[in-house]
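Input: a single structure, listed below in structure tokens.
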Amino acid sequence: MNKELLFDFTVDKPAKTVFINREFDAGLSLVWDAFTKAEILDQWIAPKPMTSKTKYQDFKVGGKRFYAMISPEGQERWAIQEYTSITPKTNFKMYNAFADKDENPELPGSEWDHTFSEQNGPDGHRVTKVSITIYNESLERLERVLDGFTQGMKMSLSNLENLLATLSQK
Amino acid sequence: METRRDIFQAIADPTRRAIIGLIAIQSMTPNALAEHFNTSRQAVSKHIKILTECDLVKQEQQGREIYYSLEIEKMKEIDKWLEQYRKIWETRFNQLDNVLSTIKKQKK
């Protein structure tokens with residue numbers, strides 16, 4: 001990661017809200033597409049070694065994205081996102097909930113708000129800042145999100161350790 | 001144990017946050033705690049009951065008095081899983097950085 005790019009992650013526990021700010025070394029249009037087009041989302045949203053696949057997406061207010069996070073063992077965890085507000089290249093909001101493979105949501109879910117703004121980077125080229133807030137109705141739900149990822153994360157960390165070990169031998 | 005309360009719910013209340021703040025410094029008896037609040041003793045003990053149910057507060061008998069103290073490990077637990085959550089986002093965004101730079105190269 002480019003160290004000059006902003007990344008902050010804070011949690012307001014009483015307000016049950018997570019705040020994330022991140023800058024990307026790309027123009028606004030491209031970053032907007034990366035967050036709103038399923039074919040790009042599927043390339044990065046699942047932390048490796050997990051993968052993501054979208055069954056369908058209809059990016060409009062009231063439209064949905066139905067997708068799964070897939071573990072290396074092939075286990076699928078489905079979720080539905082419903083878009084509740086869209087201001088092109090500026091902001092979009094959605095409601096995210098786990099679901100079964102037949103699209104039946106498991107409530108409560110979480111409310112997501114994304115805001116995009118383009119800024120001038122350190123050397124004059126364009127940088128896009130994305131601010132995300134996630135409101136979770138229950139802590140248990142957030143714990144479930146983690147449970148799904150922990151195994152995958154452990155594997156990717158051990159991959160990294162192996163890689164570092166290999167590199168340092170050279 | 002089955003009907004465990006939500007920890008966010010426990011710390012969402014300002015009185016309960018104040019109780020956590022007080023007993024984090026030193027363990028206290030119910031009477032000493034109640035003196036810090038304008039509400040009734042019953043109200044304070046109800047808050048303590050909720051905190052105890054979440055395993056955030058433990059009680060110890062010392063002679064004739066009961067002392068409440070904070071379960072530091074439980075508080076750390078909250079921070080630990082939040083840190084894991086942060087790591088997920090870090091990984092995710094590093095992947096996005098790679099995707100963005102690939103797309104930019106393709107466009108050139």
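Kindly evaluate A:P47 against the criterion of being surrounded by 18 or more Cβ atoms within 10 Å (Cβ to Cβ), within 30 Å of B:A10 (Cβ to Cβ), out of contact with any strand residue (DSSP E or B) (no Cβ under 6 Å at 6 or more places or on another chain) and within 14 Å of chain B (Cβ to nearest Cβ). Against the criterion (surrounded by 18 or more Cβ atoms within 10 Å (Cβ to Cβ), within 30 Å of B:A10 (Cβ to Cβ), out of contact with any strand residue (DSSP E or B) (no Cβ under 6 Å at 6 or more places or on another chain) and within 14 Å of chain B (Cβ to nearest Cβ)), A:P47 qualifies. Just one residue in the set A:F24, A:F92 is within 12 Å of another protein chain (Cβ to nearest Cβ), closer than 26 Å to A:G121 by Cα, in contact with a helix residue (DSSP H, G or I) (Cβ under 9 Å, 6 or more places away or on another chain) and not β-branched (V, I, T); that residue is A:F24.
Take the residues of the stretch B:37-83 that are assigned to a loop (DSSP other than H, G, I, E, B) and surrounded by 14 or more Cβ atoms within 10 Å (Cβ to Cβ): which is nearest to the other protein chains (Cβ to nearest Cβ)? Filtering the stretch B:37-83 for residues that are assigned to a loop (DSSP other than H, G, I, E, B) and surrounded by 14 or more Cβ atoms within 10 Å (Cβ to Cβ), the one nearest to the other protein chains (Cβ to nearest Cβ) comes out as B:C54. Within the option set A:G63, A:G27, being without any contact (Cβ under 8 Å) to a residue 24 or more places away in the chain and more than 13 Å from the chain's Cα centre (by Cα) holds for one residue only, A:G63.
Anything in the stretch A:9-31 that is assigned to a helix (DSSP H, G or I), touching a Phe, Trp or Tyr at 6+ places or on another chain (Cβ under 7 Å) and surrounded by fewer than 20 Cβ atoms within 10 Å (Cβ to Cβ)? List them, or say none. Before the answer, list the steps.
Step one: list which residues in the stretch A:9-31 are assigned to a helix (DSSP H, G or I), which gives A:28-31.
Applying the additional criterion that residues be touching a Phe, Trp or Tyr at 6+ places or on another chain (Cβ under 7 Å) yields A:28, A:31.
Answer for the stretch A:9-31, where residues must be assigned to a helix (DSSP H, G or I), touching a Phe, Trp or Tyr at 6+ places or on another chain (Cβ under 7 Å) and surrounded by fewer than 20 Cβ atoms within 10 Å (Cβ to Cβ): just A:L28.
Every number here is computed from the coordinates shown, using simple stated rules; none is lab data. Computed from a prediction, not measured in an experiment: that's the story for all the values here. Glycine gets a Cβ as well: all are built from the backbone with ideal geometry, and neighbour counts include every protein chain shown.
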